[in-house]
Amino acid sequence: MYENRFTKWMRWADRDSAEGIKYLGVYICAIADEDLSATDFSWTKNIVYVGMTNSLKGLKGRLKQFDNTIIGKKGHGGADRVRYKHPNYEKLVSNLYVAVAPFKCDVKASTVKDLRVMGEVAKFEYDCFAHFKELFGQLPEFNDQKRSPKYSLTIARKG
């Protein structure tokens, strides 16, 4: 379900080359020892985070916020959870993959059509959560706030 909506998996370092990266949409991150790059998106237990954006900067901007946070800055709650478990950036990104589902829309226009597309993005994210939970019995690890503490609220405060 939804597999055809996503790009192929790509290495984290290659994320800016994703088709439709300038648009809003849903993104899915996976951490895997095997090389997922250039393989068709599929639902796997390696998926650790599902996110979305309706921002002006699109998927590119949101993935940059995610990257900034796993590097050690602030700005993305899910990435803050990833950083708690994976504090070594270089080691993490060597096994981090992303697939995106872009939605063409002009966020600034606020036309009826564009507003509906923005709603479709939010719904699609929740559909992805539901589908993952149907398959694996739980949310992806870093979407589950009870299971995954934030770096900034634990380790960073101790320092």
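Being at positive phi and not polar (S, T, N, Q) is true for just one of GLY72, GLY51, GLY119, GLY77. Which residue is that?
GLY72
Mind checking which pairs have a first residue in region 7-19 that is over 11 Å from ALA99 (Cβ atoms) and a second that is among the basic types (Lys, Arg), Cβ under 9 Å, 6 or more apart or different chains?
ASP16/LYS60; ASP16/LYS64
For region 105-128, how many residues are among the aromatic types (Phe, Trp, Tyr) and surrounded by 14 or more Cβ atoms within 10 Å (Cβ to Cβ)?
Qualifying residue count for the region: 1.
Bear in mind these aren't lab numbers, they're just calculated from the coordinates by the rules spelled out. Here the structure is a predicted model, which means the values were calculated and not measured. Ideal geometry is used to build each Cβ from the backbone, glycine not excepted, and the neighbour counts take in all protein chains shown.
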